[in-house]
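Let me begin by presenting the structure, written as structure tokens, before commenting on it.
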Amino acid sequence: DEILNFADEKEINNIVEEVIDDNYRFRTVIKEIVSSPSFFKEEQSWFNKIVGR
């Protein structure tokens, strides 16, 4: 089970850019991760395993 893979690289780079643009604020890290498409994948993700979806 991989949480991230090569296909997520573009999305990760976008998150990094947003965090840099907002002076490395931790709240921006969280906001960008939670609002990213990978966080909402239909497959059984780590989040779904925790909350039982």
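The values are calculated or read from the model by the stated rules, or taken from the named source; none is laboratory data. Everything numeric in this text was worked out from a predicted model, so none of it was measured. Cβ sites come from the backbone with ideal geometry, for glycine too, and all protein chains shown count toward neighbours.
A few points about this structure:
Residues checked against (1) within 13 Å of the chain's Cα centre (by Cα); (2) at pLDDT 70 or above; (3) assigned to a helix (DSSP H, G or I); (4) at positive phi:
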| site | (1), (2), (3), (4) |
| --- | --- |
| Ile3 | yes, no, no, no |
| Glu11 | yes, yes, yes, no |
| Asn14 | yes, yes, yes, no |
| Tyr24 | no, yes, no, yes |
| Thr28 | yes, yes, yes, no |
| Ile33 | yes, yes, yes, no |
| Ser38 | yes, yes, yes, no |
| Glu42 | no, no, no, no |
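- If the condition is being loosely packed, with under 12 Cβ neighbours inside 10 Å and closer than 18 Å to Phe39 by Cα, then the stretch 18-28 contributes Phe26, Arg27.
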